[in-house]
Amino acid sequence: MKQNYLYLFILLFFSSIAIGQKVILTPLVVNNKSVISTSPINLESVDRSTVSLSVKIESPVPVGSEGTLSILYTKDSAITPIVTEGGFERVTNFIGGNTATISFVINLTLSNFNTTGGYILAQYKSNSGIVYKSNNVSVIKNGSTTTPPVTPPVTPPDPNFKNTICCDQVIRYGDRPAPIVGSTLAPNKVSVSWLKIDNSQFPNKTYTGTNYSNDKINILIPDYLTENATFKRRLGSDFPFNDSNAINIRIVPTPILNEIIIDGGKDANGFVEIVDSNPKQIYSDRASARVNLNILENPNHVPQSRGDSFDAIERYEWQYAKTNQNDDFTNKNWITIENGNSATLEYAVLKNIPNLEDNYLVIRRIAFYKGISNASNVIKVIPRTLKNNNVICCDQVLAMDTTLKQIENPSTISGSIAAIENIPNAQIISTTYQWQSQAIKNTRPNQYSAWSNIAGATSKDYLPAPLQFVIGTRGDLVVETTYNYRRIATINYTINNTGNYTSKSYSNETNLQAGRTYGAPTLIAYPNPASSVIYVENKSTDYLLSSTKISVANVTGTTVSVNFSVVNENLISIDVSNLVIGTYFINIENPTGGVRGRSNTSQLTFIKRN
């Protein structure tokens, strides 16, 4: 009999927990408009609406880190609700406490609802299978609801004005919090700033905190976060301030691995310099771009080198922002790169960037998976365009023989005569050159040094120093270090003798490496650089150049339109007069020279100049 009482007591205890748990769904923003939590979600006849939500789960006792949360919708109470787009199940982590707050950004399609609308709800499912649901939140297609009351504008500091913001959140590392919504103020009536509290210091008369954003009065849309953060809204510009309550964003581990790298040497401030004629790829290796399903299920899971399960990232987005040489911008205006949806970014120079001597940009990749996202580390770049007819030529692959311990001497790198372009009545006073090199240590991955001036290399052309053998790790002879070269041209000029000006430009890059077997190259292109016509000559007897397929592509890999003429069976002329200045590739495909019937493709590089 006592056992029955004990069983009944346990049953009642757990029943009270189940009954006591609450799921509270709060709509915050609909199509970039803040909403009153007690009002319906008004789609306003928008075909596809974006809705930011906050869901809070309350339990009378600590419940650990179990359960999943999702957002459902239906157009009729007689129809079983289904998961919304962006409302897929997320692991809910209480971190040993009594409450958990999760943010969602969902999409609602107008055609999914009846004329009278429908509703959405939040559903929490514990690991034991018990389901808890929030109240239904009505959705209307285009409501004629009464305009919600607006808090009268005040001139802070007014101690009677309730300056409040909502709500605390728990997000994944590198994810973006839901918008933070404040009590309503009329725009342009008060001084408003949003503060991100640094080093846990409470803003006071002498410490004001970091002004995180001042372009939103009632809503703050925070950036992706990688550390715990606290936000407040400040009204007024003089002490004592009218500061709101604090909103805390707590970070838990993310299952998304999203790290990017770029092959290039960094300057003293960590920037990689890129000229549009030599684009660079920003990418990640396989282990740095995937989803750890074990962490997705349990944020407290310790990653294992073996045994963890992984899935592929669903989609990507690339963003860039302007910064300065020290990259000390507190706030960055991140701009999405058009058509940048692949795992890699072939980076040259972005659109709408002014052609200044130096632009400082930062680039990041956003990865998305089942309703959560993650911002990658940041790559810092200095983009430049090829200008002032400052071009050099060409890449060299030197012959080498480890038995004879010989490496072919490099040839002179030729440079064009720099000129002032697109400036009427410009008269050059003087032109100076400075050659630079970048050492590349052939490891896995390659290690790039910073660009450095070559002492005494101030002529129009430059003869590189020979490459050197070193003894490798296996005791054999290897060429451990190869080099990139470029030329800086500085032009002093005047315009109608009204003043002196200076223009500095960076050439394209050329590469010097070893690897060809001894003997003269059998496939050559000349003259190089070329302004009107370039010739391709084949000195081999293995095949006829006239029987191959030849095409010309720019640095992005796009085939360009040119005219070909056959001078003889092994000499082809190409009219390049209509091409813009830059670097191009001549692709020669020999259908009879491959292995096992496959074609054999060779590639030559040339520079188009004025």
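Structure notes:
- Only one of the listed residues (Tyr347, Tyr360) is buried (at least 16 other Cβ atoms within 10 Å of the Cβ) and touching a Ser or Thr at 6+ places or on another chain (Cβ under 7 Å). That residue is Tyr360.
- A count restricted to region 568-586 and to residues that are out of contact with any helix residue (DSSP H, G or I) (no Cβ under 8 Å at 6 or more places or on another chain), surrounded by 16 or more Cβ atoms within 10 Å (Cβ to Cβ) and either of a type in the set (A, V, I, L, M) or not in a strand (DSSP E or B) (or both) stands at 5.
- Filter result for the condition that a residue is of a type in the set (Val, Ile, Thr), at pLDDT 90 or above and either out of contact with any strand residue (DSSP E or B) (no Cβ under 8 Å at 6 or more places or on another chain) or surrounded by 15 or more Cβ atoms within 10 Å (Cβ to Cβ) (or both), over Thr431, Thr443: Thr431
- Pro424 meets the stated requirement of being out of contact with any Ser or Thr (no Cβ under 6 Å at 6 or more places or on another chain), part of a loop (DSSP other than H, G, I, E, B) and either surrounded by fewer than 13 Cβ atoms within 10 Å (Cβ to Cβ) or among the polar types (S, T, N, Q) (or both).
- Within region 309-335, if we keep just the residues that are more than 17 Å from Ala375 (Cβ to Cβ) and among the acidic types (Asp, Glu), the residue that is nearest to the chain's Cα centre (by Cα) turns out to be Asp328.
- Whichever residue in region 273-296 is touching a strand residue (DSSP E or B) at 6+ places or on another chain (Cβ under 6 Å) and more than 22 Å from Tyr316 (Cβ to Cβ) and, among such residues, is modelled with the highest pLDDT: Glu273
- The residue that is farthest from Pro445 (Cα to Cα), counting only those in region 297-325 that are among the basic types (Lys, Arg) and at pLDDT 90 or above, is Lys322.
- Failed item in (1) in contact with a Leu (Cβ under 9 Å, 6 or more places away or on another chain); (2) over 20 Å from Tyr369 (Cα atoms); (3) of a type in the set (Phe, Trp, Tyr), with Tyr132 passing the rest: (1)
- Residue count for region 259-287 under the criterion of being over 13 Å from Leu345 (Cβ atoms) and within 14 Å of the chain's Cα centre (by Cα): the result is 1.
- Filtered residue count, region 352-379, keeping only those that are farther than 21 Å from Leu257 by Cβ and modelled with pLDDT of 90 or more: 2
- Selection status of Ala450, modelled with pLDDT of 90 or more, touching an Asp or Glu at 6+ places or on another chain (Cβ under 6 Å) and part of a loop (DSSP other than H, G, I, E, B): yes
- Every pair of residues 6+ apart whose Cβ atoms lie under 9 Å, when the first sits in region 401-414 and is over 30 Å from Lys460 (Cβ atoms) while the second is among the β-branched types (Val, Ile, Thr) and surrounded by 12 or more Cβ atoms within 10 Å (Cβ to Cβ): Asp401/Ile407; Thr402/Val478
- Residue within region 243-264 that is part of a strand (DSSP E or B), at pLDDT below 85 and surrounded by fewer than 21 Cβ atoms within 10 Å (Cβ to Cβ) present: yes
- Out of Gln325, Gln319, one residue alone is assigned to a strand (DSSP E or B), touching a residue at least 24 places away in the same chain (Cβ under 8 Å) and not small (Gly, Ala, Ser). It is Gln319.
Table: residues versus (1) assigned to a loop (DSSP other than H, G, I, E, B); (2) closer than 23 Å to Glu227 by Cβ; (3) among the hydroxyl-bearing types (Ser, Thr, Tyr).
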site: Asn269; (1), (2), (3): yes, yes, no
site: Glu273; (1), (2), (3): no, no, no
site: Asn333; (1), (2), (3): yes, yes, no
site: Asn341; (1), (2), (3): yes, no, no
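- Only strands (runs of 3 or more DSSP E) whose full extent lies in region 50-133 are considered here, and the ones with at least 3 residues that are in contact (Cβ under 8 Å) with a residue 40 or more places away in the chain are 68-74, 99-109, 118-125.
- Among the residues of region 280-315, just one is without any contact (Cβ under 8 Å) to a residue 12 or more places away in the chain, farther than 17 Å from Ser376 by Cα and basic (Lys, Arg), namely Arg306.
The values are calculated or read from the model by the stated rules, or taken from the named source; none is laboratory data. Because the structure is predicted, anything quoted here is derived from the model rather than measured. We place every Cβ from the backbone using ideal geometry, glycine too, and count neighbours over all the protein chains shown.
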